[in-house]
Amino acid sequence: MLSREDFIFTIGYDGPVAVVDKQAKKKFGKLSAKELAEKGLFRPAYSAAVYSGNKEEIELVVEAYNRLGGNSADVSAMERLFGVSLVDVKRSVLI
């Protein structure tokens, strides 16, 4: 399984390897899902919430997304929008 920071800043996959945004990971890797959402980094915030498995944290990100963006998305819409799900990847490459 990937580390939390690698998972939340994964921008794609190259076969069995996660491609991770190195600069974003370095700058924002230690922030919580709530802090990421407050900064407008909704995909990493949603990824962090999914990684934690905490449903309340996921709802918090959805609420922040709707409040700041003037939207009315729900959890299933966020899943489709960001395409985030836990996958069994053991390696990552930083770009």
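No value in this document is a laboratory result; all are computed from the given coordinates. As the structure is a prediction and not an experimental result, all values here were calculated from the model. We place every Cβ from the backbone using ideal geometry, glycine too, and count neighbours over all the protein chains shown.
Less than 21 Å apart at the alpha-carbon level, and either on another chain or at least 8 residues along: which lysines does that give for Lys26?
Lys34, Lys39, Lys90
Calculate for the chain the 222 nm mean residue ellipticity that helices alone would give, adding -39,500 (n - 2.57) per DSSP H run of length 4 or more and normalising by residue count, nearest 500 deg cm²/dmol. Don't jump to the answer; show the numbers that get you there.
Details: 6 runs with 52 residues, N = 95.
Per the formula, -15000 deg cm²/dmol.
Using Kirkwood radius over Cα pairs in Å as the read-out, say which of [x] 15.9; [y] 13.3; [z] 13.7 was calculated from these coordinates.
Read-out from the structure maps to [y].
Efficiency by 1/(1 + (r/R0)^6): what FRET value for Ala73 and Ile11, r their Cβ-Cβ distance, R0 = 25 Å, to the nearest 0.05?
Working: r = 21 Å, r/R0 = 0.85.
For Ala73 and Ile11, the calculated efficiency is 0.70.
Once you keep just the Cα pairs under 8 angstrom separated by 6 or more residues, what percentage relative contact order results for the chain?
On the way: 128 pairs, mean separation 35.0, N = 95.
37 percent.
List the trypsin sites (Lys or Arg not before Pro) in region 3-42 that DSSP assigns to loop (not H, G, I, E or B) and whose Cβ has at most 15 other Cβ atoms within 10 Å. Which are they?
Numbers: sites: Arg4, Lys22, Lys25, Lys26, Lys27, Lys30, Lys34, Lys39; in loops: Lys30, Lys39.
Passing sites in region 3-42 are Lys30, Lys39.
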